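Asks: Encoded as structure tokens, here's the structure I'll be asking about.
The values are calculated or read from the model by the stated rules, or taken from the named source; none is laboratory data. The model shown is predicted, which means the values in this text are computed figures rather than measured ones. Here the Cβ is made from the backbone with ideal geometry for all residues, glycine too, and neighbour counts use every protein chain on show. Side chains are part of the model used for accessible areas, which takes the heavy atoms of the whole protein and leaves out ligands, DNA and RNA. Shrake-Rupley method; radii C 1.70, N 1.55, O 1.52, S 1.80 Å.
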Amino acid sequence: QVHLVESGGGLAQAGDSLRLSCTASGTYPMGWFRQAPGKEREFVAAVNRGGGTQYYADSLKDRFVISKDNAKNTIYLQMNSLKPEDSAVYYCAVTLIKVITPKTKPPEVDFWGKGTLITVSS
């Protein structure tokens, strides 16, 4: 069992920045997905186990930055120039072996965080 602790999120205005963090109980490939009301959960960004390779959804790579502190088993998602359409519940994701990429589907994720809500007002 992998334990995930997420923090960050909350309310923001369009153009603001927010940072999410997620700490895992071990060293794994990790990433973020998000799910807006009435929509499917979608890939946002991910890093490989070592943190040296990052993956982004094409539509977000110019505004979001993912990073990893290996010593803390923690990933960060820096979200800049937020837009109302970024409003969603953001979930930390862990896979035990395979790296998480933009092609990874939610059923392929082994463990999920509880999710943190981000609401961006215009």
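Asks: Among the listed pairs LYS39/LYS98; LYS68/LYS98; LYS72/LYS105; LYS39/LYS72; LYS72/LYS114, which are separated by more than 21 Å between their Cα atoms?
Replies: LYS39/LYS98; LYS72/LYS105; LYS39/LYS72
Asks: Mind listing the Cα extents of the range 1-58 along all three principal axes, in Å, largest one first?
Replies: Largest first, the range 1-58 extends 33, 24, 24 Å along its Cα principal axes.
Asks: Hey, another quick one. If you count only protein heavy atoms with a 1.4 Å probe, what accessible area per residue comes out for the chain, rounded to a whole Å²?
Replies: 52 Å²
Asks: Show which aspartates and glutamates lie in cross-link reach of LYS61 when reach means a straight Cα distance below 19 angstrom and same-chain residues fewer than eight apart are skipped.
Replies: Partners within reach: ASP16, GLU42, GLU85, ASP86.
Asks: Considering the chain as a Gaussian network with a 10 Å cut-off on Cα pairs, which listed residue, ILE97, ILE66, ILE75, attains the greatest mean-square fluctuation?
Replies: Checking each option, the largest mean-square fluctuation is seen for ILE97.
Asks: Considering the zone a paramagnetic label at ALA57 would reach in this model (a point 7 Å from Cα along the Cα-to-Cβ line), which residues of the range 1-28 have amide N under 19 Å from it?
Replies: Under 19 Å, as judged by backbone N against the label point of ALA57, lie 7-22 of the range 1-28.
Asks: Given the Cα atoms of the chain, and with Rh set as the inverse mean 1/r over their pairs in the Kirkwood sense, what is Rg to Rh to two decimals?
Replies: For the chain, the value is 0.93.
Asks: How large is ³J(HN,Hα), in whole Hz, for each residue of the range 57-62 in order, when computed from phi with the Karplus curve 6.51 cos²θ - 1.76 cosθ + 1.60 and θ = phi - 60°, using x for Gly and Pro?
Replies: Rounded to whole hertz, the list is 5, 3, 6, 10, 5, 7.
Asks: Round to a whole number: what % of the accessible area of the chain belongs to carbon and sulfur, probe 1.4 Å?
Replies: Carbon-and-sulfur percentage of accessible area, whole number: 49.
Asks: By average Cβ neighbour count within 10 Å, what is the ranking of 20-29, 80-89 from highest down?
Replies: The most tightly packed comes first, giving 20-29, 80-89.
Asks: Let me ask another. Among VAL120, SER59, GLY26, whose Cα sits farthest toward the positive end of the charge dipole of the chain (+1 at Cβ of Lys/Arg, -1 at Cβ of Asp/Glu, about the Cα centre)?
Replies: It is GLY26, whose Cα lies furthest towards the positive end.
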